[in-house]
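Peer 1: Sharing a structure, written as structure tokens. Questions coming.
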Amino acid sequence: LRPRRFPDDSLLPATVALTLFVFACGSSGVAEVARAGRPLRWAMLLLLVVVAARWASGAEQRVFSRRVVAAAACFVGLAVLSAAWSVAPRLTLERAATLVALAVAAVLVAAGAQGRSERVLAGLVGGGVLVGLAGLLVLLVRHHDAVQAATAQLPARYQGLGQNPDTVSLQLALLVAPALWLGLRAASCGWRLAALAALALFTGSIVASGSHGATAGAAVGAAVVAVGVARSPLRLAALLGAVVVSVGAGAWIETLPSPNPQAAPVKAGPAAPPSRPGYIDAEVNFPLGGELGIPLPGGLHNRQLFTSSGRSQAWGGAIRQAERRPVVGYGFGTEARVFVDRWSTFTSSLPEESYIGIALQLGAVGLIFFLLFVLAVFSEALPSFRIGSPATACAAVVAAGLVIGLVQSYIYSVGNVGAVPWWLAAFLVPAAAA
Amino acid sequence: MNRRIVIAGAIVAVVAVALVLVGRWEGRRDVSSQRRGIEKMRRLVGPLDAPSLAGFRVLPQFDCLTYGRSGNPVALELCVDSEGRVVQAIDRRGVHRHFWSLTYQPSAATTRVDRAEVQRLIDRMRADS
């Protein structure tokens, strides 16, 4: 990983790392950090485009996968085009512009990555390390911002730098695969130890967050890396066994914290003025944001290993809504505007399912274009598969991201902490496989 | 080569135009279905100050009036934005609740009510007014 052409070989990985960190700051639970990070992340994205252009121009050979770029262009183009029928055209154009910028950055990074894709992977892992360490710092100095307090129903959960326990854990789950790959493949002992330390930081943060989706995504990413680096069936069995044992241990640890029955109920806003006799304040008795699925009196919602946080009901509602505009949806970037959370067991402004999110925004056509892009990425990786190739780590990030996409709305939302590493890794697959 | 580029460009343009037409048609169909539901609920309610007026809801985006049927004080609900557009209607008379909503595109709402009257009715029902 030692740079051959300073600063070009170091500048891009450093920018990638910083981009991941700034995006995580933009989604921070520490108000001051989030205030600074939110506008800064778009400047960082533009800087990434500029640095990636320099990185691509300095490459000995530029790699473009026509299939991957064409499939991505269909999806991104549809996002831009959807402003023509969007329920919020300006919002759609703004969101689509960020997706275009990210796609351009990812194409440029991939174009210059032949023979040095492991540097990009190191940059991704470096960004995760910054985010993980920043989370530990928040834990030290602002404990209440780093840990979501236990309630009567839910145990305490670590959120580190993130605004909730699922934020940073999503990003770190994507980065488990490249950290593991670098830990197994790095030439020097120092790099190997550093990568394994990063892996420990990522997995520790994920387990402490209690995020089931992140755990599943990290497990899939690690399993893909295991398949991609094992040179013998015995080694493959050992690596997969280690992944299964780690996931089992992590899942068991996640069940250990208990809810706090004595926890004070969450304070609502200022009490609504009472209504006159004979009339009711419907928002007090039947709140619009949670009138569906109110648990029966005495029925508590205790979180177990396989407990859903009400997602399945919300997904059903979001799918029914997507059916109203089934072909091309409501317009890119409008997910939060059109989705209405009416379920008492679900708390989010999004359906928390990336594929339903795509169907809502861009309909069946968007979903097909997205799946074509994913197929194009894997069709580039599989024919040129080599044991230990960095393409394995990139494909593992994509696979992990697709699994996490089943329980979180994020892949197409560029401001989300998981979008940048996912798109960079997806475009990197052909270059790393070349 | 040039011919292939022209053909590919023409195909992309045709597909793009088709998608825009489909998108707009879908949008019109959805909006008109929501409008019909909202209008039907508006007619079911009758006058806003009907004797069945049973409650209210005050939210940042819109305010709502609820009307009772068969002992259910929130059986019918109309939600009105600051410009008097009915942007959401809910029917809770049966086992299944039905929602008609244009909260994501209030400008498409065509059913209107007197916003001042809505405010007067809410004030009448609130004890602090």
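The values are calculated or read from the model by the stated rules, or taken from the named source; none is laboratory data. The structure presented is a predicted model; accordingly, all values stated were derived computationally and were not measured. Note that we place each Cβ from the backbone using ideal geometry, even for glycine, and neighbour counts take in every protein chain shown. Side chains are part of the model used for accessible areas, which takes the heavy atoms of the whole protein and leaves out ligands, DNA and RNA. Shrake-Rupley method; radii C 1.70, N 1.55, O 1.52, S 1.80 Å.
Peer 1: Taking R0 as 30 Å, what FRET efficiency do you get between A:A73 and A:I319 from their Cβ-Cβ distance, rounded to the nearest 0.05?
Peer 2: Computed FRET efficiency for A:A73 and A:I319: 0.60.
Peer 1: Compute the accessible area per residue over chain B, keeping the other protein chains in place, probe 1.4 Å, unit Å².
Peer 2: With the other protein chains kept in place, chain B gives 52 Å² per residue.
Peer 1: Got a sec? Which residues of segment B:55-71 lose 40 Å² or more of accessible surface with every protein chain in place, vs. that chain alone, 1.4 Å probe?
Peer 2: B:F56, B:R57
Peer 1: Which whole number gives the average, over all residues in A:274-280, of C-beta atoms from other chains lying within 10 Å of the residue C-beta?
Peer 2: Per-residue shielding by partner chains comes out at 6.
Peer 1: Label segment A:351-397 by shape, choosing from rounded, prolate and oblate, from the square roots a ≥ b ≥ c of the eigenvalues of the Cα gyration tensor; if a/c is under 1.5 it is rounded, and otherwise prolate applies when a/b is larger than b/c, oblate when it is not.
Peer 2: It is oblate, given that a/c is not under 1.5 and a/b is not larger than b/c.
Peer 1: I'd like the FRET efficiency for A:A238 and A:L375, computed as 1/(1 + (r/R0)^6) with the beta carbon distance as r and R0 of 30 Å, rounded to 0.05.
Peer 2: With a Förster radius of 30 Å, E is 0.45.
Peer 1: Provide the per residue accessible area, probe 1.4 Å, for segment A:75-191, rounded to a whole number of square angstrom.
Peer 2: Each residue of segment A:75-191 exposes 33 Å² on average to a 1.4 Å probe.
Peer 1: Report the residue, chosen from A:L20, A:L93, A:L288, that carries the largest GNM mean-square fluctuation when chain A is represented by alpha-carbon nodes joined by springs under 10 Å.
Peer 2: A:L288
Peer 1: For chain A, set up a GNM with springs between Cα atoms under 10 Å and report which of A:R276, A:R231, A:R157 has the largest fluctuation.
Peer 2: Taking springs between Cα atoms under 10 Å, the residue moving most is A:R276.
Peer 1: Another question, then. For the protein assembly as shown, give the magnitude of the charge dipole about the Cα centre (Cβ charges: +1 Lys/Arg, -1 Asp/Glu; no others), in debye to the nearest 20.
Peer 2: 1040 debye
Peer 1: Per-residue counts of other Cβ atoms within 10 Å, averaged by peptide: what ranking do you get for B:55-68, A:60-73, A:21-34, highest first?
Peer 2: Listed from highest to lowest mean packing, they are A:21-34, B:55-68, A:60-73.
Peer 1: Please give the net charge around A:G26, taking every other residue with its beta carbon less than 11 angstrom from that of A:G26, where Lys and Arg add +1 and Asp and Glu add -1.
Peer 2: My count for the surroundings of A:G26 gives +3.
Peer 1: Please state the shape class of segment A:1-143: rounded when a/c is under 1.5, otherwise prolate if a/b exceeds b/c and oblate if not, all from the C-alpha gyration tensor.
Peer 2: oblate
Peer 1: To the nearest whole number, what is the average tally of beta carbon atoms from other chains within 10 Å of the beta carbons of peptide A:83-93?
Peer 2: 3
Peer 1: With a point put 7 Å past each Cα toward its Cβ, work out how far A:R142 is from A:I368 in nm, to one decimal.
Peer 2: My value for the distance between the label points is 4.7 nm.
Peer 1: Between A:D145, A:D166, A:D281, where does the largest GNM mean-square fluctuation fall for chain A, given springs only between Cα atoms within less than 10 Å?
Peer 2: Largest GNM mean-square fluctuation: A:D281.
Peer 1: How crowded by other chains is B:72-80, given as the mean number of beta carbons from other chains within 10 Å of each beta carbon?
Peer 2: Mean partner-chain Cβ count within 10 Å for B:72-80: 2.
Peer 1: Another question, if that's okay. In a shell of Cβ-Cβ distance under 14 Å around B:K40, excluding B:K40 itself, what net charge do Lys and Arg (+1) and Asp and Glu (-1) give?
Peer 2: +2
Peer 1: If packing is taken as the average count of other Cβ atoms within 10 Å, what order do B:69-78, A:208-217, B:12-21, A:120-129 fall into, highest mean first?
Peer 2: So the peptides B:69-78, A:208-217, B:12-21, A:120-129, ranked by packing, come out A:120-129, A:208-217, B:69-78, B:12-21.
Peer 1: If you don't mind, another one. What percentage of the solvent-accessible surface of chain A, computed with a 1.4 Å probe over protein heavy atoms, is contributed by carbon and sulfur atoms? Could the numbers behind the result be given before it?
Peer 2: Values: 12360 of 18230 Å².
C and S fraction of accessible area: 68 percent.
Peer 1: Could I ask something else about it? Projected onto the charge dipole of chain A (+1 at Lys/Arg Cβ, -1 at Asp/Glu Cβ, origin at the Cα centre), which of A:L102, A:P287, A:F339 gives the Cα projection farthest towards the positive end?
Peer 2: The residue sitting most towards the positive pole is A:L102.
Peer 1: Now for a different question. If a/c stays under 1.5 just call it rounded; otherwise compare a/b with b/c (prolate if a/b is bigger, oblate if not). Do that for segment B:82-129, with a ≥ b ≥ c from the square roots of the Cα gyration tensor eigenvalues.
Peer 2: Taking the square roots of the gyration eigenvalues as a ≥ b ≥ c, segment B:82-129 is oblate.
Peer 1: How big is the B-A contact in terms of buried accessible area, both chains counted, 1.4 Å probe, rounded to the nearest 100 Å²?
Peer 2: For B against A, buried area totals roughly 3000 Å².
Peer 1: Give me the percent of the accessible area of chain B that comes from carbon and sulfur atoms, probe 1.4 Å, all protein chains in place.
Peer 2: 58 percent
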